[in-house]
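Down below is the structure, laid out as structure tokens.
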Amino acid sequence: MMLSRTASSLYWLGRYVERADFAARLVEATIRLDALSPRPAGEAAWHSALRVTYSDDAFAASNVGFTASPVARFLTVDTSNPGSIAACLDMARNNAKAVRTALTRDAWTAINRAWLIFNGRGRPASRMEPLALVEAVKAETRGFEGAIHWMMRNQATWFIRLGAAIERADNTARLLDVKYHLLLPEGETVYGVVDRDQWTTLLQTVSAVTAYRWLYDEGLKPHLVIDLLTTRFELPRSLAGCVEETVEVLTLLGKRTGLQGEADRMARARLSAMQRTRSHDVIVSGLHQYLTAFIRENELLHMAIAKQFRFG
Amino acid sequence: MISGGAFDEIWGQGGPGAARPEFAALARWLHETPHAEFDRRLEAAEVTFRQLGITFAVYGDVDAGERIIPFDIVPRVFTAPEWDRLSEGLIQRVEAINAFLTDIYGAQEIVKAGVLPPELIFQNPQFRPEIAGIRPPHDVWAHICGIDCVRTGPDEFFVLEDNARTPSGVSYMLENREAMIRLCPELFREFRVAAVDSYPDMLLATMRSVAPRGAGQSPVCVVLTPGHYNSAYYEHSFLADSMGVELVEAADLLVDDDIVWMRTIGGRVKVDVIYRRIDDDYLDPLVFKPDSLLGVPGLIAAYRAGNVAIINAPGNGIADDKAIYSYMPEIVRFYSGQDAKLPNVQTFRCREPDALRYVLDHLDELVVKLVDGSGGYGMLVGPTASKAEIEAFRTALMAAPERYIAQPTLALSTVPTVTAQGLAPRHVDFRPFVLTGSDGVKVVPGGLTRVALKEGSLVVNSSQGGGTKDSFVLMRDASRQQSQSQSQSQGTGK
């Protein structure tokens, strides 16, 4: 039987790698949004990136304007910001280090390499362009996911995947919610150029531009982007995809360990609700409210998982 | 300072050019490999070590964070006869250490016989009265010993220090070998080098062999670490990983009704054998340091009840204490009836007035060590010390002479080492690892060679800027010919 501490560290390893990866994607998307937007929409883009990572208050405390360079710095290399890529990788590596014996050499090396981007001698990260930096981080986290894929199909991998699925659900929900916060500049119309750029950027953040084209034969429509990112099971980063992944991994864990309980019940209930959900209804009754409830539910599921596997 | 006239492991006494006959091929390799090529391979090794995170933390050195121990590419090589002689001495010594621990926490015959002064045992902070009367499972105390050896000439091997508590370095022995196989495959074609990678299997077999009798067919073995901020954490995780056992922290364990359990996702699992990498003081707050948060309350009671084996046994510190070390020849003779096959370095016990007088008069020639110091801390290297350092030590010595021993600075052997100016001799020591299970004592054919990277320096500790080398133990020529003829016959059969 796996140590409870090991299970907890693996789960958090999964979460922090996913969080670092997401932060990298967010920075990349924001750079794009900033570049495409007429001023001062660029600032709004950076502001919203901070909101997605819940770090706008912390940044505001530094009394620097919401311009590209300081915000990008804050979101990437600044370890005083717990949501920065560097901080997430630090936490991921700490967890990986605590459970090295549960990881393959490849998986550990991948994490350590990602961490070294920020902590190598001479700290090259501080001198790298944000785009080059997020590219490097994304490449290393992809390497980690690849290494996980080749680990034994046992509890260790499933706890990592469980953490990743829970984190990813949270990230996607928060990303979608940005549109709620990201107001259109005055004079811009819904479905106008800026609005369109914003939706495209959301798709790019979760690598879903091509998926969109495959699934929908219309040009870019906000309600279809919402449909794709909420209820489409084909997309691994959609809310539905994450919810399904959570159920799958919990089932695998239950079969192997004999541990099933509240977390499984919650996850399954969530899945069947998701199967009944129509994105049209979500939009009509309020996307922001829906996402807020989803994020809260995700947190409750996290707590049930921690209890079920005796974390902490 | 000393490297000039010292015995070199490869060149012998002759100096570069004329190698010891066994090492002609190695000498050729050293001469023919361009310096830039050595540099390139060393860089590759460093990148690998860093990516693998083979690091150690230096205490009190916050800025340094995690460091990698410098690795040198030129191996230190033992011939088969050299190794045989060394192993015999090591086995004899470790058997004596084990007999000594059994005795000192039991009948105390050696004290009654007047071989050791009683105060040296009973007033020694490393003696644990809490342990007296406990018999560890199968009467094995010193399961894993690292015996630090030095060499000063063709046949002059000495033991510098015994480590019978939690000797480190085995992960470097194994990782250095991996690095050498990747970086210098040609050396392994030239030499038949004994494999070291059986060590984890041997260690696990040793652990299982000393499981308490009630443990059943497959005893649950674990490695206990203080956690991932410990300087040797890499080694702890490496060992647990390569043995396929759980790496636990104290908080993962609990003792209930004198049984040790670990907390798993499925509830409690009984633990039979603990390879602990934390010191006695932090093992069990109910018995040792009460304010320690690291320990497992009740662990010693479970041990006393015979329900768990602890590796190495609590209380072992008395056997590798530097004051006891000076009596090791007498200890070996007392328990084995034979002279020690591996001599000690001459040691002055400053607690003895005559010795103290001599030491104070010759501070600039001697190495003075704290009896309970380790890792190069609390140490004076007379010949390289400043006047002020010597005077500070003199004051400390006079205040508490019993805390110190002194040894002459030996002309430690050298091994050619890659430096900015090309190959140059650097002093080395050697830590072989000796395993004792219920089925006897074994020496792994290899060990950790530590090298002082500064010219002339004798200080090899990693915390003091030392590096490491791979240590080749050559197999006998017979086996080489045999394996060659085997591969030849396989070749013709195709």
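Derivation of every value follows stated rules applied to the coordinates shown; laboratory data play no part. This is a predicted model, so every value here is computed, not measured. Here Cβ is always computed from backbone atoms with ideal geometry, including for glycine, and neighbour counts include all displayed protein chains.
Laid out as a table, the results:
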| item | result |
| --- | --- |
| Sequence of A:Ile85, A:Ile295 once ranked by neighbouring C-beta atoms within 10 Å, starting from the fewest | A:Ile295, A:Ile85 |
| Pair A:Glu218, A:Glu299: separation of 7 Å Cα→Cβ label points (nm) | 3.4 |
| Sites matching chymotrypsin sites (Phe, Trp or Tyr not before Pro) across the range A:1-71 that sit in DSSP coil, with at most 14 neighbouring C-beta atoms within 10 Å | A:Tyr54 |
| Cα gyration tensor of the protein assembly as shown - equivalent ellipsoid semi-axes, whole Å, descending | 57, 31, 26 |
| Span-rule helices in chain A, defined as complete DSSP H runs reaching 30 Å or more along the axis (Cα) with Kyte mean at least -1.0 | A:4-36, A:155-181, A:287-308 |
| Average Cα contact separation per residue, chain B, under 8 Å, 6 or more apart, as relative contact order % | 23 |
| Spin-label model distance (nm) - A:Ala61 vs A:Asn154, 7 Å beyond Cα toward Cβ | 4.3 |
| Anchor B:Lys387: aspartates and glutamates whose Cα lies under 14 Å away (excluding residues fewer than 8 positions away in-chain) | B:Asp361, B:Asp364, B:Glu365 |
| Selection of GluC sites (Glu not before Pro), the range A:203-300, meeting DSSP coil and at most 12 other Cβ within 10 Å | A:Glu218, A:Glu234 |
| Of the trypsin sites (Lys or Arg not before Pro) in the range B:1-51, those whose Cβ has at most 10 other Cβ within 10 Å and which sit in DSSP loop | none |
| Stretch in chain B that is longest and holds no chymotrypsin sites (Phe, Trp or Tyr not before Pro) that DSSP places in a loop and that have at most 13 other beta carbons within 10 Å | B:60-228 |
| Lysines with Cα under 24 Å of A:Lys179, excluding same-chain neighbours fewer than 8 positions away | A:Lys138, A:Lys221 |
| Ranked A:Thr201, A:Thr109, criterion: other C-beta atoms within 10 Å, fewest first | A:Thr109, A:Thr201 |
| Chain A: C-alpha gyration tensor shape, a/c 1.5 cut-off, then a/b vs b/c | oblate |
| Mean ellipticity per residue at 222 nm, deg cm²/dmol - from DSSP H runs of n ≥ 4 across the protein assembly as shown, formula -39500 (n - 2.57) | -15500 deg cm²/dmol |
| Over 21 Å (Cα to Cα) - which of A:Lys255/A:Lys307; A:Lys97/B:Lys469; B:Lys341/B:Lys454 fall in this group | A:Lys97/B:Lys469; B:Lys341/B:Lys454 |
| Cross-link reach list, aspartates and glutamates versus B:Lys442, counting only Cα pairs under 14 Å and skipping chain neighbours closer than eight places | B:Asp84, B:Glu88, B:Glu95, B:Asp201 |
| Residue range of chain A that is longest and free of trypsin sites (Lys or Arg not before Pro) which are both DSSP loop and sparsely packed (at most 16 other C-beta within 10 Å) | A:154-277 |
| Taking chain A and dividing mean pair separation by its residue count, relative contact order in percent (alpha carbons under 8 Å, at least six apart) | 23 |
| Global geometry of the range A:205-312, whether rounded, prolate or oblate, following the gyration tensor of its Cα atoms and the 1.5 cut on a/c | prolate |
| Residues A:Cys242, B:Cys145, sorted so that the one with the fewest Cβ neighbours within 10 Å comes first | A:Cys242, B:Cys145 |
| Cα gyration tensor category, rounded, prolate or oblate, for the range B:348-450 with a/c compared to 1.5 | oblate |
